[in-house]
Ligand SMILES: Cc1cc2nc3c(=O)[nH]c(=O)nc-3n(C[C@H](O)[C@H](O)[C@H](O)COP(=O)(O)O)c2cc1C
């Protein structure tokens, strides 16, 4: 059975993280399932000039947010892990409160109930108390809250390098074989 990764893409800025995750997972032989919200598709178009069709072509399987009967809505479908990349505060709130009001938040809910890896690349600044409380709630339920904050100790030379390093770290955290974040070697 293939290793399956669910990627949720929401309307927070940083659509490139979802895109990079999909392309890198594919290169590592992982079967990808994409669910992009309407705001996610809008931002991907604005930030990367990718329309829905181009976005969907990056995944092995693509599901609409309203398609609540899709395979990833059930725990019996064995997806190894899920990343929401990027994760808006709205979707974070829905996940933190178990709303399951669309396919993305339902798939995340499934990850939590099945005790599988769920990683949220939350993006907002500054953070209000609701954002902070929702991150705490998601963490208490077992999700990994992973704001895509670049590290500078590898002295990145480009934005692409920063994004790639973050992507590798995310894939490694999700347990994807072949992910290769650069280890710190010490001073
Ligand atoms: C250009 C743009 C950038 C945005 N960036 C963020 C962001 O970084 N974080 C966030 O929580 N919401 C951001 N938003 C707002 C979300 O897109 C909005 O709350 C939306 O309802 C989220 O819906 P979704 O979670 O279903 O994708 C942004 C909106 C736009 C138009």
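Select from the range 18-35 the residues that are more than 21 Å from residue 102 (Cα to Cα) and in contact (Cβ under 8 Å) with a residue 40 or more places away in the chain and list them in ascending order. Matches in the range 18-35: 20, 21, 24, 25, 28, 29, 30. Number of residues in the range 74-98 that are closer than 15 Å to residue 112 by Cβ, within 11 Å of the ligand (Cβ to nearest atom) and in a loop (DSSP other than H, G, I, E, B): the value is 0. Within the range 1-17, residues that are at positive phi reach partners that are part of a strand (DSSP E or B) and within 8 Å of the ligand (Cβ to nearest atom) with beta carbons closer than 8 Å, at six or more positions or on different chains, in the pairs 14/86. Of the residues 104, 120, the single one that is surrounded by 16 or more Cβ atoms within 10 Å (Cβ to Cβ), assigned to a helix (DSSP H, G or I) and within 13 Å of the ligand (Cβ to nearest atom) is 104.
Cβ-Cβ below 6 Å, separation at least six or inter-chain, first residue in the range 165-187 and at positive phi, second modelled with pLDDT of 95 or more and surrounded by 13 or more Cβ atoms within 10 Å (Cβ to Cβ): which pairs? What qualifies is 178/28. Annotation note: of 38, 44, the sole residue that is within 15 Å of the chain's Cα centre (by Cα), in contact (Cβ under 8 Å) with a residue 24 or more places away in the chain and more than 22 Å from residue 114 (Cα to Cα) is 44. Looking across the range 3-20, just one residue is away from the ligand (no atom under 16 Å from the Cβ) and surrounded by 24 or more Cβ atoms within 10 Å (Cβ to Cβ), and that is 5. Out of curiosity, is residue 156 closer than 11 Å to residue 87 by Cβ and assigned to a loop (DSSP other than H, G, I, E, B)? Answer is no for this residue.
Residues that are buried (at least 24 other Cβ atoms within 10 Å of the Cβ) and in a helix (DSSP H, G or I) within the range 21-37 comprise 21, 22, 25, listed in sequence order. Filtering 138, 130, 151 for residues that are touching a helix residue (DSSP H, G or I) at 6+ places or on another chain (Cβ under 6 Å) and either at pLDDT below 95 or in a helix (DSSP H, G or I) (or both) leaves a single hit, 138. Which one of 126, 147 is more than 19 Å from the chain's Cα centre (by Cα) and within 12 Å of the ligand (Cβ to nearest atom)? That would be 126, the only listed residue that is more than 19 Å from the chain's Cα centre (by Cα) and within 12 Å of the ligand (Cβ to nearest atom). For the range 38-61, a residue qualifies if it is loosely packed, with under 14 Cβ neighbours inside 10 Å, more than 10 Å from the ligand (Cβ to nearest atom) and outside any loop (DSSP other than H, G, I, E, B), and the qualifying residues are 53, 54.
The values are calculated or read from the model by the stated rules, or taken from the named source; none is laboratory data. Computed from a predicted structure; not experimentally measured. As a convention, Cβ positions derive from the backbone with ideal geometry for all residues, glycine included, and neighbour counts pool all protein chains shown.
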